[in-house]
Amino acid sequence: MQILFLTILICSSFLFPSSSFASHIELKPCVEIAHCVREEWEVNNIEKPFEEIKTFIENTPRTEIVEIDGDYLHAEATSKWMKYVDDLEVSFLTESNILSIRSESRVGDSDLGVNQKRVDLLKSKMF
């Protein structure tokens, strides 16, 4: 009976990984380039890149972090006038020192460059 329980416990850990595996989350590619930006940055020269970008996002107006799971962060950025919501995702791959950023509008055919500006602003604060 104990062996069966142990086997089930071990198998379930592979089916339902803990948040410690969250650093292996790879962000989806952009489907519609007109309103999505995805970039990867090497952050070898930054001591705590995920913490720095998390702090910056927490202090960005009209941006709310809705999920943090290990080295993955999902935030929602709301536009000032029209109240459109954009999704901002950050994933830090610790083994390769790569910070993946993805910013995408939820609606519309174009974002008038807002997502690229958001990513560029994050990059300017990091480097």
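The values are calculated or read from the model by the stated rules, or taken from the named source; none is laboratory data. What you see is a predicted model, and the numbers here were worked out from it, not measured in a lab. Reconstructed Cβ throughout: ideal geometry from the backbone, glycine too, with neighbour counts over all protein chains shown. These area figures cover heavy atoms from the full protein model, side chains too; ligands, DNA and RNA do not enter into them. Shrake-Rupley method; radii C 1.70, N 1.55, O 1.52, S 1.80 Å.
Which entries in 54/123; 83/125; 28/83; 83/123; 48/125 show an alpha-carbon gap greater than 20 Å?
Pairs exceeding the cut-off: 83/125; 28/83; 83/123.
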Net charge (Lys, Arg +1; Asp, Glu -1) of residues whose beta-carbon lies under 14 Å from that of residue 75, residue 75 excluded, is -4
Phi angles of the stretch 84-90, converted by Karplus (6.51 cos²θ - 1.76 cosθ + 1.60, θ = phi - 60°) into ³J(HN,Hα) in whole Hz with x for Gly and Pro, give 5, 10, 10, 9, 10, 10, 9
Probe 1.4 Å, all chains present, heavy atoms only: residue 109 accessible area in Å², nearest 10, is 130
